[in-house]
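Enquirer: The following block contains the structure, expressed as structure tokens.
The values are calculated or read from the model by the stated rules, or taken from the named source; none is laboratory data. This one's a predicted model, so the numbers in the text were calculated from it and none came from an experiment. Here the Cβ is made from the backbone with ideal geometry for all residues, glycine too, and neighbour counts use every protein chain on show.
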Amino acid sequence: MIHGDIGSHNFLIQDDGTLALADLGGSKIDETPAVVSYSTRYTRPPRPITVTGDDDSNDPTEIDDLFALGTVIYEIHDGHQLYAEKSSGEIRKLLRQRQFPDLETIPATARAVIRKCRAGEYRSAEEVLHDLNCTVDMGK
């Protein structure tokens, strides 16, 4: 399944403090196309096919979900939405230019995960989870 609309607006905080991903109604399941798309600030910038080996069609991919997840992780640690004061047009331009806010105030493990999400280096959510578990194992 590809969610197709990962963003902080689709995470719910449960009673025990954990997060739950919500709003799966428009997700891509098996070969059915997604009927939703990411908000501007969660949209992966276009990349040449020769660099990543994947295409940039409008149908979301797991790499797109992982890019958006990296943005959510950034927002959790920063306490603000990515480019909170920018218009959608300004955000699109910044993303196309791959200009991201500085991560120096973000804890090192989360910083590494965010960078890998932005660079398209993860191939599955399990890889992200594995790297984030390092934070827990190290005492947060």
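Enquirer: Six or more apart or on different chains, Cβ under 6 Å: which pairs go from a residue in segment 20-36 that's under 12 Å from PRO60 (Cβ atoms) and surrounded by 13 or more Cβ atoms within 10 Å (Cβ to Cβ) to one that's modelled with pLDDT of 85 or more and acidic (Asp, Glu)? Could you list them?
Expert: Pairs that qualify, where the first residue is under 12 Å from PRO60 (Cβ atoms) and surrounded by 13 or more Cβ atoms within 10 Å (Cβ to Cβ) and the partner is modelled with pLDDT of 85 or more and acidic (Asp, Glu), are VAL36/ASP5.
Enquirer: Which members of segment 6-19 meet the condition of being free of Cβ contacts under 8 Å to residues at least 40 places away in the same chain and surrounded by 12 or more Cβ atoms within 10 Å (Cβ to Cβ)?
Expert: Within segment 6-19, the first condition is being free of Cβ contacts under 8 Å to residues at least 40 places away in the same chain, and the residues that meet it are 9-10, 12-19.
Selection gives HIS9, ASN10, LEU19.
Enquirer: Kindly evaluate SER57 against the criterion of being over 13 Å from the mean Cα position of the chain (by Cα) and modelled with pLDDT under 95. Walk me through how you get there before you give the answer.
Expert: Numbers: over 13 Å from the mean Cα position of the chain (by Cα): yes; modelled with pLDDT under 95: yes.
Answer is yes for this residue.
Enquirer: Right, another one. Looking only at residues that are part of a loop (DSSP other than H, G, I, E, B) and of a type outside the set (Ser, Thr, Tyr) in segment 113-133, which one is nearest to the chain's Cα centre (by Cα)? Steps first, please.
Expert: If we filter segment 113-133 for residues that are part of a loop (DSSP other than H, G, I, E, B), which is where we start, we get 120-124.
In the following step, the residues that additionally are of a type outside the set (Ser, Thr, Tyr) were identified as 120-121, 123.
Values: GLY120: 10, GLU121: 12, ARG123: 12 Å.
Taking the candidates together, the pick is GLY120.
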